[in-house]
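The block underneath contains the structure these notes are about, expressed in structure tokens.
No lab work stands behind these numbers, since they all come straight from the coordinates. Since the model is a prediction, treat every value here as computed from it, not as a measurement. Using ideal geometry, Cβ is built from the backbone for each residue, glycine included, and neighbour counts are taken over all protein chains shown.
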Amino acid sequence: MAKNVSRAAWNTVYEKGLVDVLLEHKDNPKFKSQNGWTAEGWNNITNKFNERYPLAHYSKQQMQDKDKELKSHYKAVRDSRKESGVGWNDSLCMIVAEPELWEKLILAHPKVAKYQKKPFPLYYSLEALHEGSVATGDLNFTYTQQMPPPSFIPVRPLNAPPGGPLAAPPSGPLATAFGSATAHSNRSTSEQSHSPLHPNTNPFSMDFQEISNEAQSGHVEGGNGRKRKQSQIGAAIESFVDFKRSATSKTLEGIEEVSMEKCLDKLDRIDGFTDEDRSYAMEVFESAINREVFMKSKNHNARLLWLKRKISACRALTTIM
């Protein structure tokens, strides 16, 4: 019986689902210690996975075997990437190497042979699971344009007379703190710019350069003139923030979340799909756009034809892999 258990039929949907569940449990010391997964951890992982994929019916042993297999494949690909002359396609998660180099890679890392002509889409998820960190992109060939950090805007001290010297950029510990804050700001902006709401825009970003230019363009006057100018700048900033907050709230209100559960419930009420078809449909519904199309299409026949086409594409991809 144990021999049959080890031969469970896994597909790409179930493999990704297992890795997702493992990632959800890995930071809980009750489930994973320094020596690996605990018995309680595997029990919770097994129950959670089978709740999420009720058609699978996998045992704890089957999941442990699959975890061990995926880990060995990840290590083979990871170590192969470190070899001299080996490239990496970050978009496809595929090793790029000349044929003669592949022969050496397979001799050194036999399990990497499986990925000579196919991608390894779980690579970065497995890296986060086993290395405890996300991808750094050190070996990637992809190019990402880096925006220069905002320059320090010289400001005349409030008590300085007109025409006096401007304040120098910060130095010493203050400079270090300023640099760290700038780096953090750049990272936050980069992360928000890839928001699913607006892939190319950041609804919370503010054009501080324009506000700073406005502050610099005004002639700093003494007494009431200076206070009036500062008050105008402060009011402009506050008005700008309120505008951004309002625009973002309207954007969020316009988005209606369509869950995987709703899609599967609706699919269960439709005849003509086998259990295998429904397992591929789970992969189709991982995309928010696909869930939206399936739930909101008003033409029932067109929706069924679309879904069957998507399922056929998933089945074909699984056969190739």
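Worth a mention:
- The distance between label points at ASN43 and ALA316 comes to 4.6 nm (points 7 Å beyond Cα on the Cα→Cβ vector).
- Size of electric dipole in region 1-81: Cβ of Lys, Arg +1 and of Asp, Glu -1, about Cα centre, debye, nearest 20: 200
- Taking amide H as placed 1.01 Å from N in the peptide plane, TRP88 has its amide H under 5 Å from the amide H of VAL96, PHE141, each at least 5 places away in sequence or on another chain.
- Residue order, fewest to most beta carbons within 10 Å, for LEU22, LEU107, LEU264: LEU107, LEU264, LEU22
- Using a simple spin-label model with pseudo-atoms 7 Å out from Cα toward Cβ, LYS16 and GLU261 lie 2.1 nm apart.
- Using the Cβ-Cβ distance between GLU286 and LYS82 with R0 set to 25 Å, the FRET efficiency from 1/(1 + (r/R0)^6) comes to roughly 0.20.
- For GLU69 and GLU100, the FRET efficiency from 1/(1 + (r/R0)^6), where r spans their Cβ atoms and R0 equals 30 Å, is about 0.60.
- Placing dummy labels 7 Å off each Cα toward the beta-carbon, the span from ASN299 to LYS111 is 4.7 nm.
- Kirkwood Rh, angstrom, region 2-130 [1 / mean 1/r, Cα pairs]: 15.9
- If the segment from GLU51 to LYS30 were pulled out straight at 0.36 nm per residue, it would be longer than the present Cα-Cα gap by 5.5 nm.
- Residue among PRO119, ASN11, LEU23 farthest towards the positive dipole end of region 2-130, charges placed on Cβ: ASN11
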